[in-house]
Structures are given as structure tokens and as C-alpha cells.
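The values are calculated or read from the model by the stated rules, or taken from the named source; none is laboratory data. Everything quoted here is computed from the prediction, not taken from an experiment. As a convention, Cβ positions derive from the backbone with ideal geometry for all residues, glycine included, and neighbour counts pool all protein chains shown. To get the accessible areas, we keep the full protein, side chains included, count just its heavy atoms, and leave off ligands, DNA and RNA. Shrake-Rupley method; radii C 1.70, N 1.55, O 1.52, S 1.80 Å.
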Amino acid sequence: INPDATNLLDIGCGAGNYSLMMLSKIRNLNCTLVDLSKPMLDKAFERVSAETTNSVTVIQQDIREAELKENHFDIILAGAVLHHLRDDADWEKTFAKIYSLLKPGGCFMISDLITQDTDVLNDYIWEKYGEYLEGFGGADYRTKVLTYVDKEDSPRSLNYQLDLMKKVGFTSVEILHKHICFAAYGGIK
């Protein structure tokens, strides 16, 4: 989407996996890594710095509170982090902020947990995900993960998020991949 990009923002970067994937496509980006976890930021800094000769900046803060330059980033990545947002006002405020940080023509790429708009379909999808979890780690693992998601996470449907992206100003939104309760999607400013 943006092969001449120079500035990347990775929200909830963890160990830097998504930044590393982007650096494999576009070399030598200036990378800004945001995460709440200092150990994860340290690991991400080490890994990302080894793959770019440009600057790597780490910010240990919630993206909702971080002070960043508006109209600065060519690419913003959010991997498995937005489902932690809470109510609709939180979602809207965060998406509006992300939009303001992008340069015109910049892209926002998301890979995250999602829900479905139709209750019966949502129940079916989560049951299938539960079966996968149980097959992977047993009944206790299934219960642990789904209890955690129910308590700590507030995922929204793919349709909700794409509509919200349009509402805050994105000119184009796309679904790249969807599988059970996960999807990859994004938009262009």
C-alpha cells in the first residue's frame, strides 16, 4: 500500500513481530514501538534495531495517552491489541486518534480478535474457537482463555470496526483475511 513509507508506528508491539514483518517488506523504516510492558519493549527494541538502520523509538505507555506527532506515520500496525478497548466511546476516540497520527495516504493495518454481528453466528463461532482451544490445551485451557476474554476483553465485530474507520475519516477500508474469531483488516487515510 505504501512502498515509500518512512515512519512506522506499532501499537501494542509486544516483541516486535509485526514491525519485523513490515521491515521484511520495506527496509529501514523509522519505527516507533508502543507497549505497556517494559520487558516486551526491550525485546522489541533489540529485535527491530537489528533489522533497520533507521531510528527505533520505544514508548512505554497506553496508545490512548501517548503524545505522538499528528500526520507523521505512513503505516500504523495494531496486532492483537484493540480488543482491549472498552466502550464505544473508547473505540471511537482511539480510532480518531490513530487516524490523526497518519499522513494522508497512510495505512492502518489491524490483526485482532473480533465478534460477529449476529448473535447466533457469534455463539457458533465462539463455540468453534472453544473447541479449538480445548483440542490445543484441554478443557481447563479452554475455560481459562474464554473466561479471560469474557472478563478482560471487549472485541467488536469487523463490520463495527470498518464502519468506525469510515466514520473517523478513512477513505478506504479493506478486509484482508477472516477466520473464525480473528481477522486482518485496515484502512487508508
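What dipole magnitude, in Debye to the nearest 20, does segment 101-188 give about its Cα centre under +1 on Lys/Arg Cβ and -1 on Asp/Glu Cβ?
Details: 9 positive and 13 negative charges, 95 e Å.
Using Cβ point charges on Lys, Arg, Asp and Glu, segment 101-188 gives about 460 debye.
Counting Lys and Arg as +1 and Asp and Glu as -1, each charge on the Cβ, what is the dipole of segment 90-151 about the Cα centre in debye, to the nearest 20? Walk me through the intermediate numbers first.
On the way: 7 positive and 11 negative charges, 94 e Å.
It comes to approximately 460 debye.
Picking from ILE188, PRO3, ILE98, whose Cα lies most toward the positive end of the charge dipole for the chain (charges on Cβ: Lys, Arg +1; Asp, Glu -1)?
PRO3
How far apart, in nm, are the 7 Å Cα→Cβ label points at GLU46 and GLU70?
Placing both labels 7 Å beyond Cα along the Cβ direction yields 3.8 nm.
If you count the DSSP beta bridges with both ends in segment 51-189, what percent of them are antiparallel, to the nearest 5?
Numbers: 14 of 21 bridges.
Among the beta bridges of segment 51-189, antiparallel pairing accounts for roughly 65 percent.
Using +1 on the beta carbon of Lys and Arg, -1 on that of Asp and Glu, and nothing else charged, what's the dipole of segment 1-125 about the Cα centre, debye to 20?
Working: 11 positive and 19 negative charges, 120 e Å.
So the magnitude is around 580 debye.
With every protein chain present, what is the per residue accessible area of the chain (1.4 Å probe, Å²)? Walk me through the numbers before you get to the answer.
Values: 9910 Å² over 189 residues.
Normalised by residue count, the accessible surface of the chain is 52 Å².
Going Cα to Cα from LYS144, which lysines come in below 28 Å? Please leave out same-chain ones fewer than 8 positions away.
LYS38, LYS43, LYS128, LYS178
Please compute the length gained on full extension between ALA96 and ASN54, using 0.36 nm multiplied by the number of residues separating them and subtracting their Cα-Cα distance.
On the way: separation 42, 0.36 × 42 = 15.12 nm, distance 2.78 nm.
Working it through step by step, the gained length comes to 12.3 nm.
Please identify, among GLY79, GLY16, GLY138, the residue showing maximal mean-square fluctuation in a Gaussian network model of the chain using a 10 angstrom Cα cutoff.
Fluctuation is largest for GLY138.
Hey, of (i) 19.1; (ii) 17.3; (iii) 18.4, which did the structure itself give for Kirkwood radius over Cα pairs in Å when calculated?
Computed from the coordinates, Kirkwood radius over Cα pairs in Å corresponds to (ii).
For the chain, build the charge dipole from Cβ charges (+1 Lys, Arg; -1 Asp, Glu) around the Cα centre, then report which of LEU36, GLY130, TYR160 sits farthest towards its positive end.
After comparing all options, I get LEU36.
In whole Å, how far is the Cα centre of segment 148-189 from that of segment 22-65?
Between the Cα centre of segment 148-189 and that of segment 22-65, the gap is 23 Å.
Can you give the FRET efficiency to the nearest 0.05 for THR171 and ASP140, using r as the Cβ-Cβ distance and R₀ = 35 Å? Could you put the intermediate results ahead of the total?
On the way: r = 46 Å, r/R0 = 1.32.
After rounding to 0.05, the efficiency reads 0.15.
Carbon and sulfur: what percent of segment 22-114's accessible surface (1.4 Å probe)?
Numbers: 2270 of 4440 Å².
Carbon and sulfur atoms account for 51 percent of the accessible area of segment 22-114.
Suppose only helical runs count, i.e. DSSP H with n ≥ 4. What mean residue ellipticity at 222 nm does that imply for the chain under -39500 (n - 2.57) per run, divided by all residues and rounded to the nearest 500 deg cm²/dmol?
Per the formula, -14000 deg cm²/dmol.
Report the calculated FRET efficiency for ASP4 and TYR124 (r = Cβ-Cβ distance, R0 = 30 Å), to the nearest 0.05. Please report the intermediate quantities before stating the final value.
Details: r = 43 Å, r/R0 = 1.44.
Calculated transfer efficiency: 0.10.
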